[in-house]
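Before any comments, here is the structure.
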Amino acid sequence: MAAWVPPDALGRRVSCGTDYGTVRYVGSVSPTAGIWLGVEWDDPQRGKHDGSYEGTQYFKCKHPRGGSFIRPNKANFGVDFLTAVKDRYGLNDKQDVQHGTGNTVVFGTKAVEFVGMDSVAEHQRQLNKLVDISVRECAVSHAGQEEEISRTCANMRHINLSKNLISSWETVVAIASQVQKLETLNVSENKMRFPSTSTFISNAFSNLKVLALNQTEITWTEVLLCAQGWPVLEELYLSSNNITVLERPDNVLQTLKLLDLSDNQLLDGNQLHLIAQLPRLEQLILRNTGISSMHFPDAGFGCKTKMFPSLKRLAINDNKISQWSTINELDKLPSLRALQCNNNPFMDTEKNPETLIQLIIAKISQLEVLNNCEILPAERRGAELDYRKIFGNDWLKAGGHWNPEKNKPSEEFLAAHPRYPSLCLKYGAPEEGELKGRQPLTLKNQLLTLTIKCPEKPDQKPVEKKLPESMTIQKVKGLLYRLFKIPGSELKLSYESSKLEGKEVELDNDLKPLQFYSIESGDCVLVRW
């Protein structure tokens, strides 16, 4: 008996074991008998050829060895949504309760918990009580009978449909239109067809706030067409979709707060200007997008751009940014508070990682978090003062002067150091005498004369030591261990300022240098264990 082939098999997604693919051909293959399916596999390693056999081209593949023929009985065309839900949560009439586990799905940096069977065992056969549903990798391919989902699962709010056999956006609409309260939807890892022209706008997503479309092969043009049906969307995840060019979103995505474009190779940084007017965008993730620079030409030195007015968090790590000018440009963003910029070539220009961090902090005035580390006020002050001294001589050579009437630094200097004038206003302009005879990186060269006491050993005489400001607390503990014969890891350090009697400050972060805590010569370090 011949295997059944769905009438709409062409273009459908199928699985065969653990492999996924798209049906590109249905029919006979000479000289063999019977029906074959020509499949283009997601993983080209699974294929054998480019869709041709014995000199005849039956279908085409992107990869020269990405296709093969299989018999229909080897292909899984999937199940409807409700069947998958019942199977996943052990609510089928044919089976006993299955005990599964919770399934956490990460949307960018945010984890959403999709509750498994352990949490809903007591609600067996009460599908309408399910709020969070995960049918990831459950071979869902279609919505099923009309209105059946809305009758059975009335209270669903969060659905994970990732890595299934969904072939078109229409299927997603058919499922979502039956879930009135839908807020979170993940349809990532479904290679599907999207509308290419403006179609009837469904109200299926009228309450949707979070949507993940990673690895779906969607284009930005298709995003904008579908977005007409996402009136209140706040978070959109679009990583790994081969998006190279952007277009201006007119009257769509106006409620968006988070956009993830990571792992798409954008044509250049100028593409970002096309999305720069999204009024509520607070977080933009551009990890591994191939960009080599960012600039905001509407604003001059020391001014704020009108682009990205609400952007607070920006991720540009794993890119090709080689010039410090991009970091200067980021100071123009009026709302920027957090930046991730690791793994860019410009970071290799400074060998000392502490100096590198200080330069970034000094260049971006409102930054509060850098590479997931909070910037404390003392750290900002130290970075800005040091920056003012490091480039003080360059400022003087370029026409800078402590007298405001004679202060005329060159355009070239201002382009390289746009924040320098504001740092002079904040801390005062450096004078020639202040800079003479000092090596630029004063933080590395200054020694502190400190008195070290052990309050728990009153008979122990105070010891005077000269330590570099850049020495970390961890290294100080190692030194004191050798001095007092106590295990360094057990030491608790604090210090008393010679200027503020009675006030004790804990040295509680082993990775921070002494200068981080504003310790000065003459202060007293207290050692306890």
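The values are calculated or read from the model by the stated rules, or taken from the named source; none is laboratory data. Being a predicted model, the structure only gives us computed values, none of them experimental. We place every Cβ from the backbone using ideal geometry, glycine too, and count neighbours over all the protein chains shown. Remember, those area values only see protein heavy atoms, side chains included, never the ligands or the DNA or RNA. Shrake-Rupley method; radii C 1.70, N 1.55, O 1.52, S 1.80 Å.
Of note:
- LEU274 being under 22 Å from ALA212 (Cα atoms), open to solvent by 30 Å² or more (accessible area, probe 1.4 Å), hydrophobic (A, V, I, L, M, F, W, C) and modelled with pLDDT of 95 or more: yes
- Single match in LEU339, LEU256, LEU286, LEU359 (criterion: farther than 30 Å from LEU385 by Cα, at pLDDT 95 or above and out of contact with any Ser or Thr (no Cβ under 8 Å at 6 or more places or on another chain)): LEU256
- Qualifying positions in region 218-246 - among the polar types (S, T, N, Q) and part of a loop (DSSP other than H, G, I, E, B): THR219, SER239, SER240, ASN241, ASN242, THR244
- Failed item, numbered, when ILE285 is tested on (1) touching a residue at least 60 places away in the same chain (Cβ under 8 Å); (2) over 22 Å from TYR237 (Cα atoms): (2)
- Applying a threshold of 7 Å to beta carbon distances and a minimum spacing of six or more residues, or different chains, the list of pairs starting in region 411-423 at a residue that is more than 16 Å from LEU330 (Cα to Cα) and ending at one that is surrounded by 19 or more Cβ atoms within 10 Å (Cβ to Cβ) reads PHE413/TRP395; LEU423/GLU384; LEU423/TYR387; LEU423/ARG388.
- Here region 186-217 is the region considered, the condition is being over 19 Å from the mean Cα position of the chain (by Cα) and open to solvent by less than 40 Å² (accessible area, probe 1.4 Å), and the residue that is modelled with the lowest pLDDT is SER202.
- Within region 52-84, considering residues that are touching a Leu at 6+ places or on another chain (Cβ under 9 Å) and β-branched (Val, Ile, Thr), the one most open to solvent (accessible area, probe 1.4 Å): VAL79
- Within region 281-288, not a single residue is open to solvent by 30 Å² or more (accessible area, probe 1.4 Å), in contact with a helix residue (DSSP H, G or I) (Cβ under 9 Å, 6 or more places away or on another chain) and assigned by the TED database to the domain that holds THR221.
- Screening GLU234, GLU217 for residues that are out of contact with any helix residue (DSSP H, G or I) (no Cβ under 6 Å at 6 or more places or on another chain) and either over 30 Å from ARG24 (Cα atoms) or not assigned by the TED database to the domain that holds ARG136 (or both) leaves exactly one candidate, GLU234.
- Taken over region 1-35, the criterion of being in a loop (DSSP other than H, G, I, E, B) and in contact (Cβ under 8 Å) with a residue 24 or more places away in the chain is satisfied by ALA2, ALA3, TRP4, VAL5, PRO6, ALA9, GLY11, ARG12, VAL29, SER30, GLY34, ILE35.
- Region 47-82, residues that are acidic (Asp, Glu) and over 30 Å from GLN145 (Cα atoms): ASP50, GLU54
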